[in-house]
Amino acid sequence: MGADNQTWVREFILLGLSSDWDTQVALFILFSVTYLLTLLGNVLIVLLIRLDSQLHTPMYFFLSNLSLVDVSYATSIVPQMLVHFLAEHKGIPYVSCAAQLFFSLGLGGTEFVLLAVMAYDRYVAVCDPLRYPVIMHGGLCARLAITSWLSGSVNSLIHTAITFQLPMCTNKYIDHISCEILAVVRLACVDTSSNEISVMVSSIVLLMTPFCLVLLSYIRIISTILKIQSTEGRKKAFHTCTSHLTVVVLCYGMAIFTYIQPNSGPSVLQEKLISLFYAILTPMLNPMIYSLRNKEMKRAWQKLLGQLFGLTSKLAT
């Protein structure tokens, strides 16, 4: 191949979800509302946990990290997608594309590891409650959170560097809603089988390893709960895990269904749908799941609202 064709592209064009103008306007309105709800829900959860001293526990420390991951992941994809819905030219600069890939891939990996850490926290709380404060001390919680963020970031940094060293030649049309790694790799004008294998291997490591740890944790948790004599005790123990278990089923279930297939990888449509799921649906649902199914979060909401209304009444008088 000639040297003229081995040039680096300066800009990519994202094909997105639809080329129909009316459809794009409708999607812009829908996803704008969803993104605002995502921001509001996750930011409020972080603020609640910060402001309410009764929520200064390991479980809520990890939950605040999960909310930060969710809102960051959504922000790495959705604002650019919203702009492209209304823009005639749907270009994204080379450097911006690399940055988007790094942050979205890193935050996705961080979430999977963080969910495994939260499962371990629930395991200790249910299976060894007397030693829970000793085991889940502040230092360990900080190290587990840092490990979650670092594992996702290091994996993403490696893959971003490898991906953007590939010669893209004159290919610049990405059939996706964002700079997703497989969509970018497909643009390369060289053999990318090694890149695709490395993506698959790291996906299995960052997805299946945490999932197996979550599975083991919940096998032990359920076994312990079933041994509790009183019905009320079993109900209370299981209630502490239901919110996290719901999020685990949503996140791991969709990813495993999409990526862990015996005969083939995900189609382009599946890749777009999974990106939408993680960028829009999961970050919006997580605050609702933890708020609506958690008595302590409900109490904290009511306390905060009471303080706000009380302050408003005083200012009015």
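Miscellaneous remarks
- Residue identified as closer than 25 Å to ALA145 by Cα and either in contact (Cβ under 8 Å) with a residue 12 or more places away in the chain or not in a helix (DSSP H, G or I) (or both) among LEU27, LEU48: LEU48
- Filtered residue count, the range 216-255, keeping only those that are over 26 Å from ILE177 (Cβ atoms), open to solvent by less than 70 Å² (accessible area, probe 1.4 Å) and modelled with pLDDT of 75 or more: 13
- Screening THR7 against (1) modelled with pLDDT of 90 or more; (2) open to solvent by less than 70 Å² (accessible area, probe 1.4 Å); (3) over 28 Å from SER64 (Cα atoms) leaves a single unmet condition, (1).
- Flag for ILE162 being modelled with pLDDT of 85 or more, in contact with a Ser or Thr (Cβ under 8 Å, 6 or more places away or on another chain) and open to solvent by 60 Å² or more (accessible area, probe 1.4 Å): yes
- Any hit, the range 169-184, residues being part of a loop (DSSP other than H, G, I, E, B), on the phi > 0 side of the Ramachandran plot and out of contact with any Lys or Arg (no Cβ under 9 Å at 6 or more places or on another chain): yes
- Screening the range 84-115 for residues that are hydroxyl-bearing (Ser, Thr, Tyr) and farther than 24 Å from ARG143 by Cβ and picking the one that is surrounded by the most Cβ atoms within 10 Å (Cβ to Cβ) gives SER104.
- Only one entry of ILE13, ILE77 meets the criterion of being open to solvent by less than 60 Å² (accessible area, probe 1.4 Å), within 30 Å of VAL190 (Cβ to Cβ) and in a helix (DSSP H, G or I), and that entry is ILE77.
- Near pairs, Cβ below 7 angstrom, 6+ apart or cross-chain, from the range 133-157 (within 17 Å of SER67 (Cα to Cα)) to any residue that is open to solvent by 40 Å² or more (accessible area, probe 1.4 Å): CYS141/PHE61
- Test result for VAL205, under 26 Å from the mean Cα position of the chain (by Cα) and surrounded by 15 or more Cβ atoms within 10 Å (Cβ to Cβ): no
- From the options MET59, MET118, residue that is farther than 23 Å from VAL190 by Cβ and open to solvent by less than 20 Å² (accessible area, probe 1.4 Å): MET118
- When residues of the range 256-302 are limited to those that are among the small types (Gly, Ala, Ser), in a helix (DSSP H, G or I) and within 27 Å of SER76 (Cβ to Cβ), the one modelled with the highest pLDDT: ALA279
The values are calculated or read from the model by the stated rules, or taken from the named source; none is laboratory data. Fair warning: this is a prediction, and the values are worked out from it, not measured in the lab. Note that each Cβ is placed from the backbone with ideal geometry, even for glycine, and that neighbours are counted across all protein chains shown. The area values use the complete protein model at the heavy-atom level, side chains included, leaving out ligands, DNA and RNA. Shrake-Rupley method; radii C 1.70, N 1.55, O 1.52, S 1.80 Å.
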